[in-house]
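Participant: Got a structure for you, written out below as structure tokens; questions coming shortly.
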Amino acid sequence: MATLKAVRGTRDLLPPETALWNRIEATARAVFARYNFGEIRTPIFEDTSLFARSVGEETDIVSKEMYTWEDRARAQSEKSQSLTLRPENTAGVVRAYIEHRLGETGQLQKLYYIGPQFRRERPQKGRYRQFSQIGAEVIGPPSAGSESPLRDAEVLEMLATLLDELGITGWTLELNSVGSAADRTRYNEALRAALEPLAPAMCADCQRRAVTNPLRVLDCKVPEDQPIIATLPAISDSLDEDSRAHFAAVTAALDAAGVPYKLNHRLVRGLDYYTRTTFEFTHGGLGAQNALLGGGRYDGLSEAIGGPKAPGIGFAIGLDRLVLTLQTQELNQSSAPRQVADAYIAPLGESINPAALALARELRRTGLRVELGEGGFRLKKSFEAADKTARRIVILGEDELQSGILTVKDFASGNQTKVPRADLVAFLTQSASE
Ligand code: AMP
């Protein structure tokens, strides 16, 4: 029988790497809390039309990367329904915002999420079919200030702080404005006109996009198309007065806060719902997949999926790529040391196993990290196993149980010590923190 493996584009995360994942997630939670964000957890699958209407039919995500299936009705009262594993989380958060009428609070909603997303992309380093994102959204009625450029700048400043606190060095914030819906319509028309004579020389996708959604041509990654794309008009020339003023206010606040950025007028991002500010944080150490995170403002998204006016701004960080970056920086070496147990309990004989479990329970409840051996092992085998997993071995035989004096051997020093059971916790705690 063929051996079963994790599906292409998915992978198992094992210790000690998972310790780094946990550290990143804990840092993100701590930073978000300081900016007064709360956590939201939305379902991993949603009605397919949610993504078609928000991310956009013409985007790569919706047109070719979604895991979609027809969920058959199981009872007369149910209808069959097209469902999709979420390819991103903003649509789900905005759906939840509408469903729970969060706009009626009159307050800005500041929500963050951490979880897996699914896209059927061609797997490569930093690009997987199941990957994790850490994201946040600031959304609310205009009366709560949700359209303010200060919200954009605050979110960008928070991201700079988070990357700095994670110890990621050498990131670049690339910033652009794709304007209002009206600006984008105007820009799309300008692009359509410019592309008409050029498209026949471009890739098949661009030829199609040149007609259906010219903005998407700017997402093209085909190297031969890049010189043509470089000649296309820039979106900055299509922005109206309000969009220009909004963008100028975002950059002024970033300048005041000392957050460095680089303007990139080609940055339109691969999702249809963005308006005005769009951004990416990139990192040179990532190779071809160099985007650590991306995001932007989405003032019309709620209305596009049937909700009230609820402008917002958000981002999604590729957690897998944060891990890769930190691993290449080798920062995890000092912050996530090899996990070694404080003690290995070696019962001498199977009859001692129950007493060994009781001792392990006692020690673990004090916070010590304890490995529990097996009384069926010969002492030599227990020593070998202990040496691989723990700093010390605690020997527990019939004599030790009777006398209440345990033998503890420290592997680093080679010292063997007789320790009364009553003093064992103190002895191990002291050695654990040395
Ligand atoms: P997006 O939702 O496309 O704006 O992506 C936001 C971030 O998620 C990107 O900057 C990447 O860091 C990460 N990301 C997107 N797609 C993948 C993928 N297939 N594998 C790993 N990370 C991804």
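The values are calculated or read from the model by the stated rules, or taken from the named source; none is laboratory data. Quick caveat, the model's predicted, so the values are computed rather than measured. Here the Cβ positions follow ideal geometry from the backbone for every residue, glycine too, while neighbour counts run over all protein chains shown. Side chains are part of the model used for accessible areas, which takes the heavy atoms of the whole protein and leaves out ligands, DNA and RNA. Shrake-Rupley method; radii C 1.70, N 1.55, O 1.52, S 1.80 Å.
Participant: Could you list, in sequence order, all residues of region 365-413 that are open to solvent by 20 Å² or more (accessible area, probe 1.4 Å), acidic (Asp, Glu) and within 43 Å of the chain's Cα centre (by Cα)?
Facilitator: Glu371, Glu374, Glu384, Asp387, listed by residue number.
Participant: In this structure, does Thr10 turn out to be out of contact with any helix residue (DSSP H, G or I) (no Cβ under 9 Å at 6 or more places or on another chain), more than 24 Å from Leu156 (Cβ to Cβ) and free of Cβ contacts under 8 Å to residues at least 24 places away in the same chain?
Facilitator: No, not satisfied.
Participant: Find the residue count for region 125-146, including only residues that are at pLDDT 95 or above and within 16 Å of the ligand (Cβ to nearest atom).
Facilitator: Residues that pass the stated criteria total 11.
Participant: A further question follows. Which residue out of Leu4, Leu50 is hydrophobic (A, V, I, L, M, F, W, C), at pLDDT 95 or above and either within 15 Å of the ligand (Cβ to nearest atom) or open to solvent by less than 60 Å² (accessible area, probe 1.4 Å) (or both)?
Facilitator: Of Leu4, Leu50, the one residue that is hydrophobic (A, V, I, L, M, F, W, C), at pLDDT 95 or above and either within 15 Å of the ligand (Cβ to nearest atom) or open to solvent by less than 60 Å² (accessible area, probe 1.4 Å) (or both) is Leu50.
Participant: How many residues are open to solvent by 40 Å² or more (accessible area, probe 1.4 Å) and either small (Gly, Ala, Ser) or within 27 Å of Leu20 (Cα to Cα) (or both) when one looks only at region 128-147?
Facilitator: 3
Participant: Here is a follow-up. Output the number of residues of region 94-116 satisfying the condition of being touching a residue at least 60 places away in the same chain (Cβ under 8 Å) and either under 15 Å from the mean Cα position of the chain (by Cα) or surrounded by fewer than 16 Cβ atoms within 10 Å (Cβ to Cβ) (or both).
Facilitator: Going through region 94-116 one residue at a time, the tally reaches 6.
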